[in-house]
Every structure is written in structure tokens, then in C-alpha cells.
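The values are calculated or read from the model by the stated rules, or taken from the named source; none is laboratory data. For clarity, every value in this text was computed on a predicted model and none was experimentally measured. Please note: Cβ atoms are built from the backbone with ideal geometry, for glycine as well, and neighbour counts cover all protein chains shown. Accessible surface areas use protein heavy atoms only, side chains included; no ligands, DNA or RNA. Shrake-Rupley method; radii C 1.70, N 1.55, O 1.52, S 1.80 Å.
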Amino acid sequence: MYKKYFPACDVNGPIEPPVSFGHLGIQGAVPIKCANCPKLFEGECTRHTEIVGDYLYLDHGPCGIDGPSDPVIYENAFIQSKVTVPRKCSDCRFLSVAPIWGFQCNQDADKWGDFKRGLDWGTWRPDFIYLQLPQPKITTKILSLAVFENDLPAFIREYRRVNPGLTIQEAKADFTVLRKRIDNVF
């Protein structure tokens, strides 16, 4: 789940007061620092899209509920997730699952409306972030980890496994492109 949160927002600014925001019939509010940011797009953030290949959640700041924020698999009597949530969220009364959006936080739902606050990952940071190759190529967690560890042989093995028919030369070229992307940010 954390792949929609990292790299974390590095823009400093106030979260409050919320600013009214709407997009395609979805109504609510976004943090003031996001409303004034050029990276706001349709209620999500375009920070580092060139690296992760997707939009990221807005930064609603800390939720105020204490607890560890390392990732755990969420499970209850009805659901066993395939993604992780912060440990403190796993038994929080505000955690909900939306059919389209997945896990989200309903704390202050009256304030944020349809643009729910993201989960609070606290001070926890992943060892690496999920990268995205252009479609139709498939990118996996193992590929991303190999790029961050600068492990070309591991990258090539996984690349060829999940993208059969593509050449080693193409794998090397994609590895180089991804390394350049993260070297510019990390």
C-alpha cells in the first residue's frame, strides 16, 4: 500500500484549514499546502511521477493517533489484504476499505469529504520505492529492489522472467533509465 505514499512529500506548509475541492462530481477538501501546490492534480499529487509512474496520495500530516507505523498485512474476520498498512492503522476504528480507493482513513471524514486523508506512515520509510516501467512492460517489487541495490544481474533475471521475449540489451537499457531516475532524487 505504501507505494502510493513514497517518496514522501517534501513541501512544508500548513495542513489546516482545508480548502474546498471538487473533481468529476467528487466533492471534499484538500490540505491548504496541497491546494497551493502546482503538483496537485485531480485530488492527487504528481510528485515524482517520472519515478513511480503513478499519482501519489496528498499529505494530510500526522493523524494524532500514537503507535508504530511499520507495515503489516491487514486481516480481520472478513478481509485478508494483499497489501500492507501502518501497524497503528491495522486496528484503528478509522480504517476503512473503499472498492476503488482501497484502504483509507475516515478520521475527520466530515472535513475532507470524498478526498479522504491518507494513512499515516509516521516516521517509517521504505528501504526502496516501487518503480514503474512504461506499459506494457511489467514491473515487480523485485525489479525495484534490484535497481535500488544497483544489482544488474538480479534485475535482468527478474526482467526476463516477467517480460518474456524482451532482450537482455533492453533490460540493461531499462535498468540504466531507472537508475538515472532514482539517482536524481535519492
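Couple of notes before you dig in:
- Yes/no for GLN169 being open to solvent by 60 Å² or more (accessible area, probe 1.4 Å), at pLDDT below 95, over 30 Å from LYS88 (Cβ atoms) and not assigned by the TED database to the domain that holds CYS9: no
- Contact map, region 137-150: residues that are at pLDDT below 95 and of a type outside the set (S, T, N, Q) paired with residues that are outside any helix (DSSP H, G or I) and open to solvent by 50 Å² or more (accessible area, probe 1.4 Å), Cβ distance under 7 Å, separation 6+ or inter-chain. Pairs shown: LYS141/TYR130.
- Enumerated strands (runs of 3 or more DSSP E) restricted to region 1-119, each holding at least 3 residues that are touching a residue at least 24 places away in the same chain (Cβ under 8 Å): 26-30, 80-86, 102-105
- Selection status of ARG179, touching an Asp or Glu at 6+ places or on another chain (Cβ under 8 Å) and open to solvent by less than 70 Å² (accessible area, probe 1.4 Å): no
- Per this entry, LEU133 is counted among residues that are aliphatic (A, V, I, L, M) and either assigned to a loop (DSSP other than H, G, I, E, B) or assigned by the TED database to the domain that holds ILE65 (or both).
- Residues being farther than 11 Å from GLY113 by Cα and open to solvent by less than 50 Å² (accessible area, probe 1.4 Å) - total across region 24-34: 4
- Pairs, first without any contact (Cβ under 8 Å) to a residue 40 or more places away in the chain and within 20 Å of ASP127 (Cα to Cα) in region 158-186, second open to solvent by 20 Å² or more (accessible area, probe 1.4 Å) and in a helix (DSSP H, G or I), C-beta under 6 Å, six or more apart: GLU158/ILE142; PHE175/LEU152
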